[in-house]
């Protein structure tokens, strides 16, 4: 079996893995990172989105062996100091979740979006989250939460 070395949420792990083991299953079953849900296993929903070397990736479409030598950030590692990340705070504050199943993926995709565009318009947020599905919220509060977090991260107010 292949041996991998991967950094997850700031900690380094070395493991032997089946060549066909998906990253989402490695994170959940081997490392206990259950904040990354298994949604569809087909890349359709985005619930399993993580940051792979800082870029959003659907972990159900990445093999664990493909993460060898790379860095993975899950929703649990987004705020390494134990505090909440501005995205986590804004999703709560803006009521951007209902069942919560899509929330980790939405937050991680939003983190990548804000890395690329620290001041996105409403349309840019919607486009940036296009690959992440929510069946409960209607997206308006999610968009508001992303823009609110962006403003907090920039240290300014959200433009309406």
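Here is how the numbers come out for the structure above:
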| read-out | value |
| --- | --- |
| Contact order normalised by residue count of the range 1-147, Cα under 8 Å, 6+ apart, percent | 25 |
| Nearest-ten-degree value, helix 140-154 long axis tilted from longest Cα axis of the chain | 90 |
| Residue 53 versus residue 5: modelled label distance in nm, points set 7 Å from Cα along the beta carbon direction | 1.7 |
| Antiparallel bridge percentage (DSSP; both residues within the chain; nearest 5) | 85 |
| C-alpha long axis of helix 103-116 to longest principal axis of the chain, angle in ° | 80 |
| Calculated P(r) tail over 19 Å for the chain, as whole % of Cα pairs | 51 |
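No value in this document is a laboratory result; all are computed from the given coordinates. Bear in mind the structure is a predicted one, so any value in this text is a computation, not a measurement. Cβ coordinates were reconstructed from backbone atoms using ideal geometry, including for glycine residues, and neighbour counts include every protein chain displayed.
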